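Take a look at the structure set out below.
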Amino acid sequence: MSNTVPAGYAPLNSDSLPQYLVNKLPTHLSLGGAPEQWTVTEVGDGNLNLVFIVEGTEKTIVVKQALPYVRAAGESWQLSLTRAFFEYNVLDIEAKVAGHSLVPQVYFYDQDMAIFAMEYLTPHIILRKELITGNTFASLAEDVGIFLAKTLFHTSDLGMNAEEKKALVSKFAVNHELCKITEDLIFTEPYFDAERNNWTTPDLDEDVHKVWQDEAMIQVAMRYKFKFMTEAQALLHGDLHSGSIMVTESETKVIDPEFGFMGPMAFDIGNYIGNLLMAYFSRPGWETDAASCEANQAYLLNQITTTWQVFVSHFTRLWNEKTQGEAYPTEIYQNGLGERALAHAQQEFFATLLEDTLVNAGLEINRRIIGFAGVADFKLIEDSQLRAQCERRALKLARELIVNAKEYREIAAIGQFAQSC
């Protein structure tokens, strides 16, 4: 897809958006009232896009428009508008394979304006904010585990027609700009003195300099950068963290997949687990009561273990019941070698996936503490010394996950090491 800004493109604002929507909203979608009666609020607080909440007298929607640059950096960092195309298409595919109980509904997409409209989620709140507050959610691990299993299985060669899978790879191969951002910010820049790096200085200076000299860890990071660039296993969300999930007491919705592309499954799983681990290590910065802090940290570790277990269980069931997919074909396993051989193949598959997941979790932690675009879990802790102490513990675990991932046969064991940090 071209990086050229279409002739008809123009960034919208709260005043111009209603009239634009009059001509674009599907006929079956009525917000209620005249456009001049609608309330439009720009709420985009992310790094990339304009995000509007449009409230009519009957219905409220969200409208998202890409800018031709990175919003967090300004016009000096140019970026193609095509990311709106990828986000819309990932949401559409995720909804088909995971269902609207886990993914918001999308109403329309306008390629020339790099804009789409989708379901307004209410009373949902961003998960990261809720975790910082210390709130817990009974269905979160189950929901995220199922989301990961369905999206990764049904867009892989395990569960997808080979011709359609290759077409999907081709479709998302052109999302190279956002992949390049990921390659730089996660796999490269945290491991040298890059200009965009942003850590808690001077409190964490010594720790960061040690990272830059840690050959064992950096070699693994480079190996996983290569895997990220070359393994088109499944359609990834591409930026699955606690800021890309909205929750209520009973619902979980995954949003913001503009970094979506065909890549290694462990990247999505590891990113999410890495963010839960950062929430874990940040708790002393948010809790004054030791018992409350310990209880919340125990909840977060349980979330990691349960999410993985639900993912493996559901993914395995989909695999056992599959009717298509050229990888591990049914002719050989279900109808040939039998259940025992299939179980052995699955055991090896998940052992490798767990190792890769732990490495990616560690890389995500390093990236958020050392590199560009940190997380509020740490960044909003006002006491810099306390913040650095929390981050230092997280960096210790990150190194363990990256360098020694192969040693962990059960995901619960990482909780034990986290506690020792």
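The values are calculated or read from the model by the stated rules, or taken from the named source; none is laboratory data. Keep in mind it's a predicted model, so treat the numbers as computed, not measured. All Cβ positions, glycine included, derive from the backbone under ideal geometry; neighbour counts span all protein chains shown. Note: accessible area is taken over every heavy atom of the protein model, side chains too, but ligands, DNA and RNA are not part of it. Shrake-Rupley method; radii C 1.70, N 1.55, O 1.52, S 1.80 Å.
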- Query: Can you pull out the residues in the range 27-83 that are outside any strand (DSSP E or B), under 23 Å from the mean Cα position of the chain (by Cα), touching a residue at least 60 places away in the same chain (Cβ under 8 Å) and farther than 19 Å from V5 by Cβ?
  - Reply: G46, N47, A72
- So, of the residues in the range 161-182 that are of a type outside the set (A, V, I, L, M, F, W, C) and under 17 Å from F85 (Cβ atoms), which turns out to be least open to solvent (accessible area, probe 1.4 Å)? N175
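Looking for something under 30 Å from M160 (Cα atoms), open to solvent by 40 Å² or more (accessible area, probe 1.4 Å) and of a type in the set (S, T, N, Q) - is there at least one such residue anywhere in the range 235-242? If you could, list the steps in order and put the result at the bottom.
Going through the range 235-242, the residues under 30 Å from M160 (Cα atoms) turn out to be 235-242.
After this cut, where a residue has to be open to solvent by 40 Å² or more (accessible area, probe 1.4 Å) as well, the list is none.
No: zero hits.
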- Task: Report whether or not K59 is open to solvent by 40 Å² or more (accessible area, probe 1.4 Å) and out of contact with any His (no Cβ under 9 Å at 6 or more places or on another chain).
- Result: yes
- Note on the structure: Flagged in the range 118-151 as aliphatic (A, V, I, L, M) and within 13 Å of S101 (Cβ to Cβ), in numbering order, are L121, V144, I146
- Using the structure shown, decide if A351 is closer than 20 Å to S156 by Cβ and either open to solvent by 30 Å² or more (accessible area, probe 1.4 Å) or free of Cβ contacts under 8 Å to residues at least 12 places away in the same chain (or both). yes
- Check Q19 against each of (1) over 30 Å from L318 (Cα atoms); (2) within 21 Å of the chain's Cα centre (by Cα); (3) outside any loop (DSSP other than H, G, I, E, B) and name the one condition it does not meet. (2)
- Would you please list the contacts, defined by Cβ atoms under 7 Å and residues six or more apart or on different chains, that run from a residue in the range 242-260 that is within 9 Å of H124 (Cα to Cα) to a residue that is of a type in the set (D, E)? V247/E130; T252/D143
- Looking at (1) in a helix (DSSP H, G or I); (2) in contact (Cβ under 8 Å) with a residue 60 or more places away in the chain; (3) open to solvent by 10 Å² or more (accessible area, probe 1.4 Å), which is the only condition F417 fails? (2)
- Message: Cβ-Cβ under 7 Å, sequence separation 6+ or interchain: first residue in the range 105-117 and more than 10 Å from Y88 (Cβ to Cβ), partner part of a strand (DSSP E or B) and among the acidic types (D, E). Which pairs?
- Response: Q105/E119
- Task: Looking only at the range 369-377, decide whether some residue is open to solvent by 40 Å² or more (accessible area, probe 1.4 Å) and either on the phi < 0 side of the Ramachandran plot or in a helix (DSSP H, G or I) (or both).
- Result: yes
- Out of all the residues in the range 381-408, which are touching a helix residue (DSSP H, G or I) at 6+ places or on another chain (Cβ under 7 Å) and part of a loop (DSSP other than H, G, I, E, B)? I381, Y408
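To keep it simple, each residue is scored yes or no on (1) touching a helix residue (DSSP H, G or I) at 6+ places or on another chain (Cβ under 7 Å); (2) open to solvent by 20 Å² or more (accessible area, probe 1.4 Å); (3) part of a helix (DSSP H, G or I).
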residue	(1), (2), (3)
V90	no, no, yes
D112	no, yes, no
T122	no, yes, no
R128	yes, yes, yes
- Item | Whichever residue in the range 130-160 is closer than 15 Å to M262 by Cα and in a loop (DSSP other than H, G, I, E, B) and, among such residues, is most open to solvent (accessible area, probe 1.4 Å) | D157
- Task: Output the residues belonging to the range 276-309 that are within 15 Å of L148 (Cα to Cα) and either open to solvent by less than 20 Å² (accessible area, probe 1.4 Å) or at pLDDT below 95 (or both).
- Result: Q303, I304, T307
- Item | Matching entry among K24, K96 (being open to solvent by 60 Å² or more (accessible area, probe 1.4 Å) and assigned to a loop (DSSP other than H, G, I, E, B)) | K24
- Taking the residues in the range 185-221 that are open to solvent by 30 Å² or more (accessible area, probe 1.4 Å) and of a type in the set (D, E) as candidates, determine which candidate is nearest to R393 (Cα to Cα). D207
